[in-house]
Amino acid sequence: MNDAGAVVGSGTAGAYFRAKLQFEIDVMDVADAAPGSFVLVDTRRQSSWDHGHIPGAVHLPTAEIPARVGALIPAGNSVVVYSWGPGCNGSTFAALAFAELGYPVREMIGGIEYWVRNGLPVETADGIVVRHFDALVTAHQPEA
């Protein structure tokens, strides 16, 4: 046991982390996923979406999920949600909303912040842009 009383190894802590990994996905795994394997949902407010979002994402702010999801995402489709980044739990609230509606859902850890920091494309009103990657964050270093 550790100081918090959790069993280390294959017990409680191991079960927790195995379960956690079933509901999270890394930004690079999202970027490398086969097209159509899930619906990517940006859960941020309109102004954030307008500032820039992942190309191909559906915009569905968390508060609007119960009212609008049926018209945008057919039941049973796998969903991946994202928000700003590690300092924001908006995607966790969105994932909960999708889960409570019966959708298979995962949360993209790192949010759009780590998407951008990995040098992945962002769509804005001016088109698709790629900003400089953060070499401390990613081994993925796009061609210049």
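Structure notes:
- Residue match in the stretch 44-53 (condition: surrounded by fewer than 16 Cβ atoms within 10 Å (Cβ to Cβ), outside any loop (DSSP other than H, G, I, E, B) and among the charged types (D, E, K, R)): yes
- Condition check for Phe98: touching a residue at least 12 places away in the same chain (Cβ under 8 Å), in contact with a strand residue (DSSP E or B) (Cβ under 9 Å, 6 or more places away or on another chain), buried (at least 21 other Cβ atoms within 10 Å of the Cβ) and of a type in the set (A, V, I, L, M, F, W, C): yes
- Exactly one residue out of Ala31, Ala19 is in a helix (DSSP H, G or I) and either basic (Lys, Arg) or surrounded by 12 or more Cβ atoms within 10 Å (Cβ to Cβ) (or both): that is Ala31.
- Just one residue in the set Ile54, Ile65 is touching a strand residue (DSSP E or B) at 6+ places or on another chain (Cβ under 7 Å) and at negative phi; that residue is Ile54.
- Of the set (1) more than 27 Å from Arg18 (Cβ to Cβ); (2) touching a Gly at 6+ places or on another chain (Cβ under 7 Å), all apply to Thr43 but (1).
- In the stretch 49-76, the residues that are at pLDDT 95 or above, farther than 13 Å from Glu113 by Cα and among the aliphatic types (A, V, I, L, M): Ala57, Val58, Leu60, Ala63, Ile65, Ala67, Val69, Ala71, Leu72, Ile73
- Count of the stretch 1-48 residues which are among the hydroxyl-bearing types (Ser, Thr, Tyr) and at pLDDT 95 or above: 4
- Number of residues in the stretch 77-88 that are more than 16 Å from Gln46 (Cβ to Cβ) and at pLDDT 95 or above equals 5.
- Highlighted here are the strands (runs of 3 or more DSSP E) found entirely within the stretch 71-144 that include at least 2 residues which are within 18 Å of the chain's Cα centre (by Cα): 79-82, 105-109, 122-124.
- Residues that are touching a helix residue (DSSP H, G or I) at 6+ places or on another chain (Cβ under 9 Å) and under 21 Å from Asp29 (Cβ atoms), drawn from the stretch 61-86: Ile73, Val79, Val80, Val81, Tyr82, Ser83, Trp84, Gly85, Pro86
The values are calculated or read from the model by the stated rules, or taken from the named source; none is laboratory data. Just so we're clear, the structure is a prediction, and the values are computed from it rather than from any experiment. Reconstructed Cβ throughout: ideal geometry from the backbone, glycine too, with neighbour counts over all protein chains shown.
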